Every structure is written in structure tokens, then in C-alpha cells.
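Working notes, beginning with the structure itself.
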Amino acid sequence: MSEIITNKLSGKASAGNVTITSEGGSATMQLQQGVAKQWADTSIDGATLNDSLNVSSLTDNGTGDQTITMTNAMNNATYSVNMSNQIEQAAYVFLRATATPKTTTVFRTGAYFSGYHDVAMATSTVGDLA
């Protein structure tokens, strides 16, 4: 197997257009569309950002309610946010639809199980950067 070492990958037709072939060889996709554009790991109290990519700030809005602001904007507000949590009891984590809807740079998360709970949360975002 060969090894490619590079600092930059550019498509031949256009710089951001790099196509990869699936493991089975029958499907292709654009590389940049399959890469997470944001991820964050937060503390159990929702006040501390433990580690992240493309996150400029974390706001603790209260118990089980956090707002994440991204450094680089998404192309539109229809990106997908995936979330998981760490809690001793079963918890349902969901993207909150609030008076502050998801924008190209901001989304809110919430953890609910018979009431809101602070939980250590991990998020990742997939979509097109602006």
C-alpha cells in the first residue's frame, strides 16, 4: 500500500471537488460533504467546553440547556446535528426548537428525562460550510 503525505488536497476540476469511491467500488461521494464540520465535548454542568472543532463559544442557558456557536458558518440552517450524552440514567437528548431557532452559526441542545438535566454532551455537525 502506498502512503500519501500532504498538507492540502485539491480537486482537479475545482479545488473543493474531491470525489472518493466507496469500499465496494460502486458508489462515489464528495469528500468534503462526508466530513464533520463541527464537534464539541462539554462538561456535565454545561458550562465548560472540554474540547472542540469549529466552536467559538458555549453558553450555559440553565439546567440541561446549552447554546453552541460555531466559528465558521454553515451554508444554511438545514445542517444535521448529532448528539450523545453521558448520564447514569437513560436520557433523551434532542435539538431544541426554541425562540432562538437554529441558524448558520448557532444551535441549542437540551437533555430531558422527567425534567431537564445537565449532562456531559458530545455534538457533531454535518453539512456544507459557507
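The values are calculated or read from the model by the stated rules, or taken from the named source; none is laboratory data. Being a predicted model, the structure only gives us computed values, none of them experimental. Note that we place each Cβ from the backbone using ideal geometry, even for glycine, and neighbour counts take in every protein chain shown.
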**Request:** With respect to Gly25, determine if the residue is of a type outside the set (Lys, Arg), on the phi > 0 side of the Ramachandran plot and touching an Asp or Glu at 6+ places or on another chain (Cβ under 9 Å).
**Result:** no
**Asked** In the stretch 83-122, how many residues are in a strand (DSSP E or B) and modelled with pLDDT under 85?
**Response** 16
**Message:** List pairs: first residue in the stretch 1-30 and of a type outside the set (A, V, I, L, M, F, W, C), second residue surrounded by fewer than 10 Cβ atoms within 10 Å (Cβ to Cβ) and assigned to a loop (DSSP other than H, G, I, E, B) anywhere in the structure, Cβ distance under 9 angstrom, at least six positions apart or on different chains.
**Reply:** Thr21/Ala27; Thr28/Ser22
**Prompt:** Quick one: how many residues across the stretch 1-57 are in contact with a strand residue (DSSP E or B) (Cβ under 8 Å, 6 or more places away or on another chain), more than 30 Å from Thr109 (Cα to Cα), assigned to a loop (DSSP other than H, G, I, E, B) and not aliphatic (A, V, I, L, M)?
**Reply:** 3
**Request:** Check the stretch 23-41 and report whether any residue there is surrounded by 12 or more Cβ atoms within 10 Å (Cβ to Cβ), modelled with pLDDT of 80 or more and polar (S, T, N, Q).
**Result:** yes
**Message:** Any residue that is small (Gly, Ala, Ser) and in contact with a His (Cβ under 7 Å, 6 or more places away or on another chain) - is there at least one of those in the stretch 31-38?
**Reply:** no
